[in-house]
Structures are given as C-alpha cells and as structure tokens.
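Comments concern the structure below.
The values are calculated or read from the model by the stated rules, or taken from the named source; none is laboratory data. Values in this document were obtained by computation on a predicted structure and should not be read as measured data. Here the Cβ positions follow ideal geometry from the backbone for every residue, glycine too, while neighbour counts run over all protein chains shown. In case anyone asks, the SASA skips ligands and DNA or RNA and just uses the protein heavy atoms, side chains included. Shrake-Rupley method; radii C 1.70, N 1.55, O 1.52, S 1.80 Å.
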Amino acid sequence: MTTPALLPLSGRRIPPLNLGPPSFPHHRATLRLSEKFILLLILSAFITLCFGAFFFLPDSSKHKRFDLGLEDVLIPHVDAGKGAKNPGVFLIHGPDEHRHREEEERLRNKIRADHEKALEEAKEKLRKSREEIRAEIQTEKNKVVQEMKIKENKPLPPVPIPNLVGISGGDPEDNDIREKREKIKEMMKHAWDNYRTYGWGHNELRPIARKGHSPNIFGSSQMGATIVDALDTLYIMGLHDEFLDGQRWIEDNLDFSVNSEVSVFEVNIRFIGGLLAAYYLSGEEIFKIKAVQLAEKLLPAFNTPTGIPWAMVNLKSGVGRNWGWASAGSSILAEFGTLHMEFIHLSYLTGDLTYYKKVMHIRKLLQKMDRPNGLYPNYLNPRTGRWGQYHTSVGGLGDSFYEYLLKAWLMSDKTDHEARKMYDDAIEAIEKHLIKKSRGGLIFIGEWKNGHLEKKMGHLACFAGGMFALGADGSRADKAGHYLELGAEIARTCHESYDRTALKLGPESFKFDGAVEAVAVRQAEKYYILRPEVIETYWYLWRFTHDPRYRQWGWEAALAIEKYCRVSGGFSGVKDVYSSTPTHDDVQQSFFLAETLKYLYLLFSGDDLLPLDHWVFNTEAHPLPVLHLANTTLSGNPAVR
Ligand code: DMJ
C-alpha cells in the first residue's frame, strides 16, 4: 500500500497509445514494406547463388582447386608423391581427369539452374502489382495475428474451484442496518453511473470536470481501472446489470498489448486482484484469461540481477525501471512484497509454477538479509540486493508487505508457516521500535528513519488496526488478546484523527508532537482522497468483536463522505479536512469503489457475506478464496502435482 500516485515521478513522457484491436500499418508503411519485401527476394536469390557457390567450392585444407576457366584441374592425389617436384599438387590426365570434368560440369549446371530459378522467382514478384504484393503481406500478417489470438485465448487447464462460501447474502435483520446498507449501495450506484456516463473506459473519473482521468501509475493507456476495480463490489451488492456492462467492456476492450509503462504493484493489486475476484465470484472464464494475459506482461519486470522486480514495466517492450524518487534506485518493499496472493492464485489456476517461483524467490531473498533492529527497510536495490535508506514504516512504502505475509498464511489455510513466522517476527520488531503511546493516551505507529522515530502516522498505516485483529488468532505465545486489543487501539487513534477535523474525515497523515495529537500540521498533509484504511479497520474490528462502536464510526465516515465528497458527477477527494468549506481535488479514485464502499457495505452486512475463514481480501479489498494447499507444492492443483 504505497502512495505512488502522490509522489513525484521522474518525468519521462509516454507517447500516446494506439488502442483497440491489433492495427495494421497505414498506406505509406505498407509501401515501404513491399519495397523491402522485393529487396529481400533479390537478396535471397543472391544468397542462394553464393551459398551454392560456397558449398561447392574446393576444400582448401585439401588443396583442392577448381579453376573453371582452365582445361587442367589441380587436385591433390594421394599416390602422386613419388618423383614429383611439387609434392601434393599434380596435373591430372586420363580416365580420372574425365570423371572430374563430368563432375565439374554437373555442379556448374546445378548452380546455374538454382540461380536462374531464384531470379525467375524474383522477376515473378516484380511482375506482381503493388496491390497483389500488399495483399500477400496482409495475408501473412493476418495469419500471424490469428495464430497469436488462438494462443492467447487458449482455454486454461481446468482446476478444482475452491469451496466458494457466502458470495451473496449478508442481509441484515435489523431495519436500521438494512437502510444503512441500502444507502451505501446507492452511493456505489452514484459513483458507478457517473463514471459510466463521463469516464467510461478511462482509468478514473473527474467528477467535477465530468471527464476521464488517469494517474501515472496506470501509464498512458485507457485500461478501465475503475471498471476492473469495481466489479466485485458490484457483484456482492447485487448490481448485476452494471457488472455485466463491465464484463462486456472487458471482453471487448481490455487489451494489454499497449505501449504503456505501468506500476507493477498497482496493476497487480487492482487489475489482477480485481479480475481474479471477479472470476471466483462469477465463474466467468474471461476474467481468468485476462488476469493471466496481464500477468504475462508483468513478468519481464522480474528480469533484474536479483529477481526483485522493477517498480514499473512497459507492457509492450517489457522494459522495467524504478521510480525516480526512490532511494538509490531502489525497489519498494510494499510494492515487490505485495504480489504473493495474486501470484499464488495465478499458479493455482494455470498450473504454471512460474508465478509461484517469482514470489517465493523474493521471500527467500528477504529471509536471508540482515535487518537493522529486526526491521525491514522500505528500499531495496534490485541490482545489488542491498537495502537503500533505512526507513521503516507500516504506512506508505512498507504497509502491505506485512499484510501479505499474514494473508499468505491465511490464504494457505494456515499451512504457510514460513510466512506466519516472518509476520510474527516483523510485528514484534515493529511493536518494539515503532508503536508508542502519546501523552494523551493514544497508541500510534511511528516511522523509523535512520535510527530515529518520527512521531507521525499516515492514513495508510490505519489499515494495521485490522491487520493486528486479523492476525490475533494464531499469534505467538498466546498473545491473541493482546493483538486484538492493539488493533482496537489503532482503530481508536485513527477515529480520533477523523473526529478532530472539521469535516470528520481523516487527513493523509497526522502528528504526535507535544500538545499536537492525531492532527495534521503541514498543509500538504491535510487532504482526504476517499481512502479506505480507517473504514477497513472498523470492519475487521466489527467482525471480530461485534462492538457497535465500529458500525457507528463507519456510519459517521459514510455521512461525511456523502456530505463533503459527493458532487453531482460522482465523488471527489477534498484538499483540507480542517476547512469547513472544502475544496475538491476532482478525482474519484478507483479504490473508492473497490475498497471504501465495499468495506462500508460489509460493515452493514451479516458475517455470512464473504466469511473470513473462507476468503482473504487482497490489499485492494478483492476477495480471494482460501486454497487448501500444502505450503510449497500447490498440491490442490492436479496440473502441478
Ligand atoms: C489502495 O490502492 C490499496 O489499499 C493500497 O494497498 C494502498 N493504497 C490504496 C488506498 O489508499
């Protein structure tokens, strides 16, 4: 869970994209191709000639020499040494000479015939009209495209679909709760319908300008990020027409063969995660096929000296690189450490262990490394395999790495003990060095920078309340109660960060400095961009405790979003949560539909909707089923047994 959308990127410009079905070169390009084609033919005739000549040339090692212009032929003769002035080379006459002349003649004729044939073919091509040549080229190209399509749409091997429990329902018995849930559904409709009207196919929506929007994490192409991210929320809310609409767009338009440089992490959590969840919920093969096609496009990012992937990859060329702002050319912990869940599912569904191996390689590498104070720094150089700056955080740049360790264990039906141990060790170190109590009694998670604790907590770090609660069961030394309590404390602190603002919406980050507690100080930290983490934590705490305060806090947040972020063209972030007259940032983030509204909907649903012992939510709130597999063998999948 990082904030690359908000961080400066090295400003390389990306050329505009050519979308839609595979395109063919326009007229001028085709003419150039035909000319090249003719030249090639002539060249091939020439090469044939040379090849023939070369093939039948005398072998110099044996001093064989054909002088095609002479009557006499000089060839070696094994018996011809005695009395010779020049041993090894003799003039040959008689029956031998006759046989050699015949042989020579035969070879000459063959070379001549081959040569003439090649020239004839070239002339034949030259006689053809430009149109005919163009048509031939086109036919060849169509054939190649056709073959590629057949390959791309090849059905994937059938695998046993895990037990899918609770993909609908969750109707609350209580009237008041049912009404609240309906209200959240209406908010989802408002966000979706406006995106449908004004931003369809674009990655996100500008609800005030009423047009499409695309942050740089999705590159320069229109990949319909909001559609893919929103699908499973639409599904569980029972918005089936909208779901089908999205499915049709994906079938007809979602194309990954584009010259676009995207964030590997963001595309993984939003697109692959979204497509996999949509596949599991609906059973529609197209989502699985698209997820696998996209994953193939991400794989070149792993071609680094260490196997730690680049942050970005060009989907067409496969060229990868890192963010310009990252310490010493490093990759980011929360990015390369947040691939595990999706990649394990890809291996499960395809029977191809490539994905599994990529993420396990990352894990093994991290396991071997020294960690200052037991903490994982946020930066790792993919060329040298060394840590960059010693900055550790449970918020941006670090967050979802810890989340995925815990969820790898849960998703493996609690058999991936290695992941659980790494999680437990990491959390112990975090608790020791990063988690503190403020003067006013609020528990917060600070950030560790070069041996110094910064008493600042990001909105992103608020997800950790839910993570601690989720990881309580199964924790070391019977500390379940402790971790559930810690989760509740984080939820309380994050609620305070909302409650101490004019809009009752939380700032991007807040400080604990002297008299200042849970409040943003710098102007640049006062915005709220429809983020989900605090509501996510309320939901997990609700599921584990059923304490009504979490529903109450969630409802407060929903009302504030409705009041200050809703505009007639959708929902927008706000620039200053401490100002009672908010200015909008005019972006409806795709995670608002994927996460914020989904967690709110689940908060007002019964626990039978997507129960946590059967489903694990990826960091973008896309539910993936628990796989009942052995830790390292993926033995549930017959294709890889
Ligand atoms: C989401 O894309 C994911 O939750 C990610 O892990 C972090 N940031 C956003 C939401 O704030």
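What FRET efficiency would be calculated for the residue pair Thr354, Ser317, taking the C-beta separation as r and a Förster radius of 35 Å, to the nearest 0.05?
FRET efficiency, Thr354 to Ser317: 0.95.
What's the ranking of 382-391, 210-219, 168-177 by average number of surrounding C-beta atoms within 10 Å, highest first?
Top to bottom by mean Cβ count within 10 Å: 210-219, 382-391, 168-177.
May I ask you to derive the FRET efficiency for Glu556 and Glu173 from their Cβ-Cβ distance with R0 = 22 Å, giving the value to the nearest 0.05? Provide the component values of the computation, followed by the final result.
Working: r = 23 Å, r/R0 = 1.02.
Plugging the Cβ-Cβ distance into 1/(1 + (r/R0)^6) gives 0.45.
Could you tell me the accessible area of Leu107 in Å² (1.4 Å probe, neighbours in place), rounded to the nearest ten?
Solvent-accessible area, nearest 10 Å²: 20 Å².
Measure off, as a whole percent, the carbon and sulfur share of the 1.4 Å-probe accessible area of the stretch 179-631, all protein chains present.
That share works out to 49 percent.
What relative contact order, as a whole-number percentage, does the stretch 179-631 give when Cα pairs under 8 Å and 6 or more residues apart are counted? Mind showing how you got there, number by number?
Details: 877 pairs, mean separation 76.5, N = 453.
So the answer I get is 17 percent.
What pairs from Lys364/Lys407; Lys183/Lys575; Lys432/Lys479; Lys504/Lys575 go past 19 Å between their alpha carbons?
Flagged as over cut-off: Lys183/Lys575.
In debye to the nearest 20, how big a dipole does the stretch 514-635 give about its Cα centre with +1 on each Lys and Arg Cβ and -1 on each Asp and Glu Cβ?
The dipole of the stretch 514-635 has a size of about 200 debye.
Please list, by residue number, every one of the trypsin sites (Lys or Arg not before Pro) in the stretch 510-559 that is coil in DSSP and has at most 14 other beta-carbon atoms within 10 Å.
Arg522
Under the classification rounded if a/c is under 1.5, otherwise prolate if a/b is larger than b/c and oblate if not, where does the stretch 179-631 fall, given a ≥ b ≥ c as square roots of the Cα gyration tensor eigenvalues?
Because its axes are fairly even, with a/c under 1.5, the stretch 179-631 counts as rounded.
Work from the charge dipole of the stretch 179-631 (Cβ charges, +1 for Lys and Arg, -1 for Asp and Glu, about the Cα centre) and give the residue of Ile250, Ala621, Gly451 farthest towards its positive end.
Highest projection toward the positive end goes to Gly451.
For Asp352, Asp473, what's the largest-to-smallest order of accessible area, 1.4 Å probe?
From most accessible down to least: Asp473, Asp352.
Taking the Cβ of Met360 as the centre, find all other residues whose Cβ is under 11 Å away and add up their charges (Lys, Arg: +1; Asp, Glu: -1).
Surrounding charge for Met360 is +2.
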